[in-house]
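The structure appears below as C-alpha cells.
Computed from the coordinates by the stated procedures, all read-outs in this text should not be read as laboratory data. A quick note: this is a predicted structure, and the numbers were derived from the prediction, not measured. All Cβ positions, even for glycine, are placed from backbone atoms using ideal geometry, and neighbour counts span all protein chains on display.
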Amino acid sequence: MSQSMPRTTLRLFVAIELPEVVKTSLKTLQEEPPRARWATPDNLHLTLRFIGEVTLDQAEGIRRQLRSVRFKPFPLRMHKVGYFFRKPQAVLWAGMEASDPLQNLKNDIDDALRQAALTVTTEYFVPHITLGRMKHAEKAELKAFAARHATWTAPAFTVTGFILFSSVLNAKGATHNAVERYGENRSPNPDDAVLNE
C-alpha cells in the first residue's frame, strides 16, 4: 500500500475572506446561465495576489514578509456584476466600488512579496470575486447575465485582515486552506504552521 509523498511545493495566493452575509448575497447570482460552473461558498474570496507554485522555503519567507504589512480596517462594498470573455471561455464575477485603501493594501502586499525575493509584476488591478466559469460562452448570454443583475448590491463589510492561502487542485476544482492570517484575526501561533500538509 503506497503512502502519499510529502509536498515539496505549495500553490499560494493572498486574499480577503468574505463574511457569510456577503457570500449569501453572492449565491443569489449563481443561478443562470445554467451551463456555468459555479464557485462553492468556500471558494468565494477577493484575491489580492496569485503567487503560484513555490518551494516550502519560499513559502516560509513569504509568510514572514507578509507580517510586515500594516493597515487600518476599511469598508468595502460590492455593487456590480460583469464578465471577462476570451472566446469561447468566460469568467463571471461580482465587482467592487472604487477603494483607495484596498489598492494601498494590495500595493503593500506586493512590496512584501518582492522583499521575499518574488518577481511581482505591476498590472491594472480589477478587484472582483469569481462567481463561476463557462467553457462555451456566447457574448449575448454574458450580456444578458450582466443585465439581469445590473442593480445588484451586497451589504458593505469591513476588511480587518487578509489570508495567505494554499490551493490544491483536484477533479472538482480546488481546495483552499489558510496558511496564515494577518491583521486583526491573525494566526495565534503562526510559527507553528505546518506548510507541507
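Between 34, 75, 101, find the one with the highest GNM mean-square fluctuation for the chain; connect C-alpha pairs within less than 10 Å. Fluctuation is largest for 34. Direction-averaged projected area, Cα convex hull, the stretch 9-188: 10.5 nm², rounded to one decimal. State whether the stretch 66-126 is rounded, prolate or oblate according to the following rule on the C-alpha gyration tensor (a ≥ b ≥ c being the square roots of its eigenvalues): a/c under 1.5 gives rounded; otherwise a/b larger than b/c gives prolate, and the remaining case gives oblate. Taking the square roots of the gyration eigenvalues as a ≥ b ≥ c, the stretch 66-126 is oblate. Bridgeable lysines around residue 106 (alpha carbons under 23 Å apart, same-chain partners fewer than 8 residues away excluded): 23, 72, 80.
If you average the C-alpha positions of the stretch 38-79 and of the stretch 84-103 separately, how far apart do those two centres end up, in angstrom? Using only Cα atoms to place each centre, the spacing works out to 17 Å. Were the residues from residue 43 through residue 20 laid out at 0.36 nm apart, the gain over their Cα-Cα distance would be 7.1 nm.
How do 108, 57 line up, fewest other C-beta atoms within 10 Å first?
So the ranking, lowest neighbour count to highest, is 57, 108.
Largest GNM mean-square fluctuation across 40, 153, 28, computed for the chain with C-alpha springs under 10 Å, falls on 28.
For the chain, what is the mean residue ellipticity at 222 nm derived from helices alone (per DSSP H run of n ≥ 4: -39500 (n - 2.57); sum divided by total residues; nearest 500 deg cm²/dmol)?
Values: 4 runs with 45 residues, N = 197.
Counting only the DSSP helices, I get -7000 deg cm²/dmol.
For the stretch 51-147, trypsin sites (Lys or Arg not before Pro) meeting the loop criterion (DSSP other than H, G, I, E, B) and having at most 15 other Cβ atoms within 10 Å: 67, 70, 77, 135.
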